[in-house]
Amino acid sequence: MLECEAGKFSDVVGAATIDACLYCGAGRYLDLDIEGATGPCFPCPVGFFCAGGGQANVKCPTALSMGWSYCPEDVQAAQQVQAAQQLQAQAAQQLQALKQISKGLSKLASNNTQTQKCAHMSNDRDHFWDHTSSPTWVPSANDVPKWNQTQHKRCQPVFASWQEMQHQVKAGSVKVKTGGLGRLLIPYEYESWICVHDDACSLGGDWYFCYVFKESIEKFVPWDQHYNLKLFKPRQMV
């Protein structure tokens, strides 16, 4: 095995000539404490300078070094180097903060876009169904169908109570829509409505027939076809 002279190293495996022995360049040094001193060249540590050319690392008197190839000439120069390093660290922190802000703005823009889409969808739905057309919103005595009309007096839902209705809904045997009577409400007498899908009295349209619940006798009273009442959004518009 080729042995290089002190201060040189060889990174050639199995080198046979001294031409393979080289000096470490500036900013690096050869650790002469390693037996044989054949390499590798180590980066100059902080607080030292390494001139290269086979010289060992030398400690700088100011505890800082410029690129590790030479020492600052005085303390002021060392302080300038330290200040520059601090500025670089601060710039890196600011860059990271800007990246986080950019991510936050991108997420906010995405949320705003989604909100606009939802609002647009809502506007589209409202274009097809106006909730103010419901008689529970702004009833007109001339337009609201009366409940318990003669032609519907034999209509009755497949359940006789709210509890029975809930059991049938959970079982999947019936589908209903229900709500309050709003401005049509008569306290303690008529307060809520319920529409039953595929009710025996539903005759086309969206296939819902609606009832009002009479509190005093706890009974569902026939009202009318939902397509005449417009209490909720029809199935195809939901």
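The values are calculated or read from the model by the stated rules, or taken from the named source; none is laboratory data. Owing to the predicted nature of the structure, the values given are computational and were not obtained by experimental measurement. Cβ sites come from the backbone with ideal geometry, for glycine too, and all protein chains shown count toward neighbours.
Summary table
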| read-out | value |
| --- | --- |
| Residues (out of contact with any helix residue (DSSP H, G or I) (no Cβ under 6 Å at 6 or more places or on another chain) and under 14 Å from PRO222 (Cβ atoms)) located in segment 161-200 | TYR190, TRP193, ILE194, VAL196, ASP199, ALA200 |
| Inter-residue pairs, beta-carbon under 8 Å, first over 15 Å from LEU229 (Cβ atoms) and hydrophobic (A, V, I, L, M, F, W, C) and in segment 173-186, second exposed (fewer than 14 other Cβ atoms within 10 Å of the Cβ) and at pLDDT 85 or above, 6+ apart | VAL174/VAL158 |
| Answer from PRO145, PRO157 - the residue that is loosely packed, with under 14 Cβ neighbours inside 10 Å and in contact with a helix residue (DSSP H, G or I) (Cβ under 8 Å, 6 or more places away or on another chain) | PRO145 |
